[in-house]
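For reference, the structure discussed in these notes is given below.
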Amino acid sequence: MRLAAAALALALGLLVWLPGAPRAENIVTIGAIFPLAGVSDKSGYDAMAAIEVAANIVDVPHKGLESLPLGAGRGLPNLGNADLAVAFTYHQGNPSVATSQVLRLAEQNHVAALIGGGEGPAILAAATEAERHGVPFLVPDATDPKLNGRGFGWVFRTTPLAADIDKAYVQFLTQVKAAGTQIDRVVLVAGNDASGSAWAQALGDALRAAGLAADTVTYAPNGIDLSASVTALRDKHPDAVIFACNAADASLFVKTMKTLDYKPPILIGDDSGFSDPGFVAADANLAQGLIDRSVWSIGKEDSPAAIVNALYKVKTGHDLDDRSGRVLQGFLVLADAVNRAGSTDPAAIQRALRDTDLKPEQLIVGYDGVKFDASGQNTLAATYLTQLQGKQYVTVWPAGRAAGKLALPYKAWLP
């Protein structure tokens, strides 16, 4: 089913089926639940497209993807080369809807396993319901630590947590400082809401523990004038700035910084809006040298990541980004576990997930591998730091995974 048809069906609250490449009656169904609330929710449709591409990779051989689990053959070989189908639905960010949708997928559609994403109470409710029904549930993107802190046995998460990302920022800045760049004061720019405050508090604590001074500038998300926030930022004279904001606010921030002729020595975007392909397309010339954290990088032209990105771009018209890359990878991890289980029995898939041990060369994202601990968290989750060079983010850290050279100071707008 193409995305336009899927958009209409989802807007009407219907369950959408996205088979990879059905050839026979031998089909294994995985349920997918994401925060898709309407046709304007781009992140939800990007997740849907990423999952459809991942299912197609499993169902149809693609040259150059032989290093990926299930990338070389057709379907699930340990289940008679069964095709994958996806029952796609959405939770609207509403815990009650999330609970009912998981119930529907488990009891009516009899899915073999579930994949679900988004942040906030809804994804926790979905995970709780999956746990209650004994259905394996893989979370590819949500970073709330509560998901793996409740003693769940059926919930698995591939993505790095906020604490892992904070650690990466600290390591990066301390390494840059050790190499001779002045980094004493870091300013965090966060929305003046609960999530922004929590992000700034946690990252600020991590920076201060490493001996760096950390301060915060807040702003009203989705506003029309950020000049006061940029002025407040400039007045603090930071050596490095880390932003957390959506794509619209990211765009307005870099435009306002140009208007006020202000550029800090180092500018870091904490994923989200800065990873959005729309931001890069519209504002790359205003943000040259911006550093962004992302598990996703296209890599070399003939790399598996580049090949997968090309498949996704044919479907959507734009590149994968950090979130859609994590979703696509998560689905491939889940499909690999289903195949290794050799069964659609939930307990067998749960055991296979617990036994997962994927290496970096088997992945399309920047994790150090996939291996779950007793809580279901991927202990090898990691992130890249990338830098906007031209119209593309290039991996620049850690050095052993870098595809390009870090260029400092922040260049900002082109002449």
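Read-outs: derived from the displayed coordinates by stated rules, not from any lab. These figures come from a predicted structure and were not determined experimentally. Every residue, glycine as well, gets a Cβ built from its backbone with ideal geometry; the counts of neighbours run over all protein chains shown.
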Worksheet item: Cα gyration tensor of the chain, axes a ≥ b ≥ c as square roots of the eigenvalues: rounded (a/c below 1.5), prolate (a/b > b/c) or oblate?
Response: prolate
Worksheet, complete the sentence: Connecting every pair of Cα atoms under 10 Å apart in the chain and solving the GNM, the largest mean-square fluctuation among Ala125, Ala335, Ala210 falls on Ala210
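List, in the order given, every pair from Lys177/Lys300; Lys177/Lys405; Lys167/Lys258 whose Cα-Cα distance in the structure shown is over 19 Å. Intermediate results must be reported in sequence, preceding the final value.
Working: Lys177/Lys300 29 Å; Lys177/Lys405 16 Å; Lys167/Lys258 30 Å.
Among Lys177/Lys300; Lys177/Lys405; Lys167/Lys258, the Cα-Cα distance tops 19 Å for Lys177/Lys300; Lys167/Lys258.
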Response to the item:
Which residues qualify? For Val295, with a placed amide H closer than 5 Å and at least 5 residues away or on another chain, they are Tyr384
Fill in: Degrees separating the helix 247-259 axis from the principal Cα axis of the chain, which is the longest one
20 degrees
Worksheet entry | DSSP beta bridge pairing in the chain, given as percent antiparallel to the nearest 5 | 30 percent
Worksheet entry | Helix 42-59 axis, angle to the chain major axis (alpha carbon atoms, nearest 10°) | 50 degrees
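Quick check: from the Cα gyration tensor, does segment 141-285 come out rounded (a/c under 1.5), prolate or oblate? Can you show the working numbers first?
Details: a/c = 1.84, a/b = 1.31, b/c = 1.41.
Oblate shape, in that a/c is at least 1.5 and b/c is the bigger or equal ratio.
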Fill in: Max mean-square fluctuation residue, GNM over the chain, Cα-Cα springs under 10 Å, options Ser297, Ser195, Ser324
Ser195
Worksheet item: With springs only between Cα atoms under 10 Å, which of Thr159, Thr231, Thr89 fluctuates most in a Gaussian network model of the chain?
Response: Thr231
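What net charge is computed for the residues neighbouring Tyr219, neighbours being all others with C-beta under 12 Å from the C-beta of Tyr219, Lys and Arg scored +1, Asp and Glu -1?
Numbers: positive: none; negative: Asp193, Asp225, Asp249.
After counting each charged neighbour, the total is -3.
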Worksheet entry | Nearest 10 degrees, 0 to 90: helix 162-178 Cα axis against the chain principal axis | 40 degrees
Item to complete: State, as an integer percentage, the relative contact order of the chain based on alpha-carbon contacts under 8 Å between residues 6 or more apart.
Response: 16 percent
Worksheet item: Rounded to the nearest 500, what is the chain's calculated 222 nm mean residue ellipticity when only DSSP H runs of at least 4 contribute -39500 (n - 2.57) each, over all residues?
Response: -12000 deg cm²/dmol
Practice prompt. Please provide three numbers in whole Å: the alpha-carbon extents of segment 198-274 along the principal axes, with the largest listed first.
Written response: 35, 23, 17
Worksheet, complete the sentence: For segment 353-395, listing trypsin sites (Lys or Arg not before Pro) in a DSSP loop whose Cβ sees at most 13 other Cβ atoms within 10 Å gives Lys391
